[in-house]
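Undergrad: Take a look at this one; I'll ask things after.
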Amino acid sequence: MGSSVTARGPVTPSMNITPLIDVVFLLIIFFMLVNNIVSDESVEMVLPDLEPPHTRELGEVNRVVVNVAPKPFTAQGRADFPLEHAGQARFVKVGTGAGSEFAVEDTQGITAALAAMREANPDLQVLLRADAALFYDQVRPVMGAVTAAGIQTVNLVAYLPEQ
Amino acid sequence: MPSTLPPETDPEHHAHAPPRRRRASRGPAHVGSLNLTSMIDVIFQLLIYFVVTASFMVNEGVLAAKLPQGSAAASTDDELPPEVITLKLTSGDDPAEIAIERGAFVYASFAELEADLDRQRYDPDIGQIDGLYPADSPVVIQADGKARWQHLVAAFNAAVGAQYTNVRFSEN
């Protein structure tokens, strides 16, 4: 016999899903914001792949990421042949936000931007993210610009060893 | 004489007011409900999209390097300058090709370079006393302009892996 039939008719089960929607909205907002911040800081590129890598994690420090972005790739199969590239840089991005992109030749602009950041934050650590396929003569002026800002060490970014 | 009754009960006042709607039934008030299923579907799709596309730079690490002009510390005159290990990288026609030299020594790979640098290190703590270079000897990486960044970082990585602490790039 149907047990859900009462004197007032069948009962329709219902669930209060308001808190679920609240949590899911918060998650969406979190991932949207984090995605934007992270993608603004790290330009898409293929980092040097080392065998075996002796890289380490930097931890929580005051950092600025200097990206040396490659020109778009025309050859297919970047994953298989990461060095098949003209080796030219497209732009240099210092930190995040508007006005953080510089031409590779604009070493004075890069120096000025880094010097201003260092002024505000003397123990600033510089992370140099450059594509594996870039020619050294594209990266060297950027390192020179970092030096000119009074910064003596730089952290070269590469992949971490696999756990 | 003006009426003293409140406006609701005043028959005159009532006559000018718009007619009130009456509830059709005298039963309990009907609670309006909204079908949220489709909205939740869409929200979950969005959530899955953002979770999948999120990248947190989790697989990136760093190698601390001294910059070309960074080691401007004045050396004292009363001790000999340390022996410098110069690694020379020369690019070839093939992007993946690189010649690795240290003085007269030529290496076929960066793994070979790392093993040799490790062997050349003077380290009495582990009984390695026939090495020529203490761990704080400067290692200078010299490369031509067409060498790929991958190879420079690989040479750097080899020196760091061989436990040298003072690795930098050449000025020219």
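Undergrad: Residues to consider are A:Gly144, A:Gly87; find the one that is of a type outside the set (A, V, I, L, M) and surrounded by fewer than 21 Cβ atoms within 10 Å (Cβ to Cβ).
TA: Only one candidate qualifies: A:Gly144.
Undergrad: Something else now. I'd like to verify a number: residues in the range A:110-141 that are more than 11 Å from chain B (Cβ to nearest Cβ), open to solvent by 50 Å² or more (accessible area, probe 1.4 Å) and either farther than 14 Å from A:Thr153 by Cβ or in contact (Cβ under 8 Å) with a residue 40 or more places away in the chain (or both), how many?
TA: Here the count works out to 6.
Undergrad: Same structure again: Any idea which of B:Asp118, B:Asp123, B:Asp130 is modelled with pLDDT of 85 or more and either open to solvent by 70 Å² or more (accessible area, probe 1.4 Å) or of a type in the set (Asp, Glu) (or both)? Before the answer, list the steps.
TA: Values: B:Asp123 fails: modelled with pLDDT of 85 or more; B:Asp130 fails: modelled with pLDDT of 85 or more.
Unique residue meeting the criteria: B:Asp118.
Undergrad: Please specify each residue of the range A:21-51 satisfying the condition of being touching a residue at least 24 places away in the same chain (Cβ under 8 Å), within 7 Å of another protein chain (Cβ to nearest Cβ) and either assigned to a helix (DSSP H, G or I) or over 20 Å from the mean Cα position of the chain (by Cα) (or both).
TA: Within the range A:21-51, none qualify.
Undergrad: Pairs, please: C-beta under 8 Å, at least 6 apart or cross-chain, first residue away from chain A (no Cβ under 13 Å) and without any contact (Cβ under 8 Å) to a residue 24 or more places away in the chain and in the range B:90-112, second among the acidic types (Asp, Glu) and not in a loop (DSSP other than H, G, I, E, B)?
TA: B:Arg102/B:Asp116; B:Phe105/B:Asp116; B:Tyr107/B:Glu101; B:Tyr107/B:Asp116
Undergrad: Residue by residue through the range B:133-144, note down the ones that are open to solvent by 20 Å² or more (accessible area, probe 1.4 Å) and either assigned to a loop (DSSP other than H, G, I, E, B) or within 14 Å of chain A (Cβ to nearest Cβ) (or both). Spell out how you get there, then give the answer.
TA: First pass over the range B:133-144, keeping only residues open to solvent by 20 Å² or more (accessible area, probe 1.4 Å): B:133-136, B:142, B:144.
Of everything in the range B:133-144, those that are open to solvent by 20 Å² or more (accessible area, probe 1.4 Å) and either assigned to a loop (DSSP other than H, G, I, E, B) or within 14 Å of chain A (Cβ to nearest Cβ) (or both) turn out to be B:Ala135, B:Asp136, B:Gln142, B:Asp144.
Undergrad: Please state which of the following conditions B:Glu112 fails to meet, knowing it meets all the rest: (1) in contact with a helix residue (DSSP H, G or I) (Cβ under 8 Å, 6 or more places away or on another chain); (2) not in a strand (DSSP E or B).
TA: Unmet for B:Glu112, out of (1) in contact with a helix residue (DSSP H, G or I) (Cβ under 8 Å, 6 or more places away or on another chain); (2) not in a strand (DSSP E or B): (1).
The values are calculated or read from the model by the stated rules, or taken from the named source; none is laboratory data. What you are looking at is a predicted structure, and each value in this text was computed from that prediction instead of being measured. Note that we place each Cβ from the backbone using ideal geometry, even for glycine, and neighbour counts take in every protein chain shown. These area figures cover heavy atoms from the full protein model, side chains too; ligands, DNA and RNA do not enter into them. Shrake-Rupley method; radii C 1.70, N 1.55, O 1.52, S 1.80 Å.
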